[in-house]
1. Hey, can you rank 202-214, 129-141, 44-56 by average C-beta count inside 10 Å, highest first?
2. Quick one: compute the contact order of segment 76-176, relative version, from alpha carbon pairs under 8 angstrom and 6+ residues apart, as a percent.
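Any read-out appearing in this document is the output of simple, stated calculations on the displayed coordinates, not a laboratory observation. Quantities reported herein were computed from a predicted structural model and do not represent experimental measurements. So basically every Cβ, Gly included, is an ideal-geometry build from the backbone, and we count neighbours across all protein chains shown.
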Amino acid sequence: MEIDTILTAILDQNLIYLLLALLLIVFALKAVKIVPQSEQHVVERFGRLHSVLGPGINLIVPFLDKIAHRISILERQLPTASQDAITKDNVLVQVDTSVFYRIVQPEKTVYRIRDVDGAIATTVAGIVRAEIGKMDLDEVQANRSQLIATIKASVEDAVDNWGIEVTRAELLDVNLDQATRDAMLQQLNAERARRAHVTEAEGRKRAVELNADAELYAAEQSAKARRISSDAEAYATSVVAKAIADNGLEAAQYQVALKQVEALNALGAGPGSSTIVVPANALEAFGDAFRMLKGRS
């Protein structure tokens, strides 16, 4: 009996130790929490926010603390959303947008907003309508990059209290209704026609200018030629006048004699002319000319 009692006591004591060991193991497993790199865990104690566990090994108080929320901190993309907006010049457009964000403060996100995606989508829609309403249609098309930056900054300010960081905002497309497209196409065709008429008119104007420049150049060259000819004639006259002044009438007669001899030579050298009939008074004049030439030589 004593041996059985002793064995029973030993077994009971070992069972207690075993239970204590199991309890310690369970306690350790409950106390140690390993958080993945892409997550943060929100810990509550007695229903209230206690702490936020970052990636790696963390310790909590078992049975007092519990992980209430496991939040992914990876970047997320909202589904592409379309919303109507009216520009400053009263044109209805349909804008397709997409927003990328990530949660940086989970304690704010889980306790201040219920549907994060829906709240951000609503905020983006309101901001897009407000910003496009400040711009004309041409400005929306031309300044898309500036519009995207403005939308991103406005969304960041609006969601700051939710522990969210907006990483990127995209304005994917700006669509117009068919009536507006037809009107813009007519305007584009009219502008093209206007430019064609302007180009044609400028071409005709340039042609007239070039023609006038050519006529002016021809007139200037003709006047220059006449001026050179007049200068040559005046120079020749001055030479003859000087010769007459220096040598008297004899120099003039000598020039006349030269001209007469040149004329006679030209007449005799003509084609088909073998016989030349010259009046008697002309022969006397030629004789005088020959004598003067002989005397000169």
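1. 129-141, 44-56, 202-214
2. Once normalised by length, the contact order is 42 percent.
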